[in-house]
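Below: one structure, written as structure tokens.
The values are calculated or read from the model by the stated rules, or taken from the named source; none is laboratory data. All of these numbers come straight from a predicted model, not from anything done at the bench. Here the Cβ is made from the backbone with ideal geometry for all residues, glycine too, and neighbour counts use every protein chain on show. We work out accessible area using only protein heavy atoms, side chains counted, and drop any ligands, DNA or RNA first. Shrake-Rupley method; radii C 1.70, N 1.55, O 1.52, S 1.80 Å.
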Amino acid sequence: MAALKGYGLCSMDSALQFPCPKLFNGYKRRSSKWVSPKAAVVPNFHLPMRSLEVKNRTNTDDIKALRVITAIKTPYLPDGRFDLEAYDDLVNIQIQNGAEGVIVGGTTGEGQLMSWDEHIMLIGHTVNCFGGSIKVIGNTGSNSTREAIHATEQGFAVGMHAALHINPYYGKTSIEGLIAHFQSVLHMGPTIIYNVPGRTGQDIPPRAIFKLSQNPNLAGVKECVGNKRVEEYTENGVVVWSGNDDECHDSRWDYGATGVISVTSNLVPGLMRKLMFEGRNSSLNSKLLPLMAWLFHEPNPIGINTALAQLGVSRPVFRLPYVPLPLSKRLEFVKLVKEIGREHFVGEKDVQALDDDDFILIGRY
């Protein structure tokens, strides 16, 4: 029987043949250790994702200058798919009210519940429709370095202006491993590092950020630890956005933060812009603090999802494991809207409490 190159053929019958080690004079021939081809072990190796073309890439300084970045909500249809019409309306409202950037597929946008196909599609859609009017920052971070690299290559390939990267969560690593993880993606384009120990279980220490800041692509840090950490960075020339809405006013005007990456700006983008652009305004900040507290009564994005449904700008559809706030909290929101002024909130419909039966919870999507 003729042998295939590198193999003999073992056969139990003439119709079924199996590759087997090549025989030589009746003995198994000793051969060098077999090494799998790269295409078999590297996902999508045949797709050249990385581009060396940089003339149309966003300058990192353009990202550093942004003051109001909205972590945009992702709305859903009743079958759990993206509601792109509602999404487009939300982004347009942000643009009209002065937001300068959007985080696509972040915690608020529920990137953690998306497939990577959905994730990259939504980044590309946002760039295609709005990239000329607002900076699109794709959340392409992961606790897997391999996934973070591939998603970031794809994100920049579809035109995002910057990437948002979280530190590896759950399967935490050493500080040296954390630095190596970020260095694996920083060379691709402008990058914001996101420090939120409450979600990752691990703080990114300043010494790691100072090391990474040697790379010119580090735009800055979204910092959730507090204003003392913000001040430590700003005093050392590192750009910081407050990741805590309830601290952002003081972060901006007392501790040197450039601005905020905000959940609240989904609801009141004009007021959040005023808070970041028009100088210290303790009165406005105090007026917004009860709304911010309400939004984070349960883990984000539960509050923002409930609020946008009550305002009629997104359908009351939740991808599990998120469920709406209870009726008592929904009634509180109605009161908050009236106290702050309906005219400051997104959408045009009257705010409603909604009944429990109005909400759709999707487990398969």
Which pairs have Cβ atoms under 7 Å, sit 6 or more apart or on different chains, and link a residue in the stretch 238-254 that is under 15 Å from L295 (Cβ atoms) and crowded, with 22+ Cβ neighbours inside 10 Å to one that is acidic (D, E) and modelled with pLDDT of 95 or more? S242/E223; G243/E223
Scan the stretch 293-308 for residues that are within 11 Å of T264 (Cβ to Cβ), without any contact (Cβ under 8 Å) to a residue 60 or more places away in the chain and out of contact with any His (no Cβ under 8 Å at 6 or more places or on another chain) and jot them down. A293, W294, L295, F296, A307
Is one or more of the residues making up the stretch 250-260 among the aliphatic types (A, V, I, L, M) and under 25 Å from F333 (Cβ atoms)? yes
Within the stretch 351-365, residues being at pLDDT 95 or above, over 21 Å from T264 (Cβ atoms) and outside any helix (DSSP H, G or I) number 6
Hey, can you tell me all the residues within the stretch 337-360 that are at negative phi and touching a Gly at 6+ places or on another chain (Cβ under 6 Å)? K349
For the stretch 263-299, give me each residue that is part of a loop (DSSP other than H, G, I, E, B) and surrounded by fewer than 19 Cβ atoms within 10 Å (Cβ to Cβ). E278, G279, R280, N281, F296, H297, E298, P299
Does at least one position in the stretch 300-307 carry a residue that is in contact with a Lys or Arg (Cβ under 9 Å, 6 or more places away or on another chain), open to solvent by 70 Å² or more (accessible area, probe 1.4 Å) and part of a loop (DSSP other than H, G, I, E, B)? no
Being open to solvent by 10 Å² or more (accessible area, probe 1.4 Å) and among the aliphatic types (A, V, I, L, M) is the filter here, so list the residues in the stretch 310-322 that pass it. V313, L320
Which numbered condition L325 misses (of (1) loosely packed, with under 13 Cβ neighbours inside 10 Å; (2) part of a loop (DSSP other than H, G, I, E, B)): (1)
Does the stretch 314-329 hold any residues that are within 17 Å of K73 (Cβ to Cβ) and of a type outside the set (F, W, Y), and which are they? S314, R315, P316, V317, R319, L320, P321, V323, P324, L325
Expected single match for touching a Gly at 6+ places or on another chain (Cβ under 7 Å) and either touching a residue at least 60 places away in the same chain (Cβ under 8 Å) or of a type in the set (S, T, N, Q) (or both) among T140, T107, T145 is T140
If we keep only residues of the stretch 213-236 that are assigned to a loop (DSSP other than H, G, I, E, B) and in contact (Cβ under 8 Å) with a residue 60 or more places away in the chain, then the residue most open to solvent (accessible area, probe 1.4 Å) is P216
Only one of E339, E348, E332, E343 is of a type in the set (D, E, K, R), part of a loop (DSSP other than H, G, I, E, B), farther than 20 Å from T74 by Cβ and open to solvent by 70 Å² or more (accessible area, probe 1.4 Å). Can you tell me which? E348
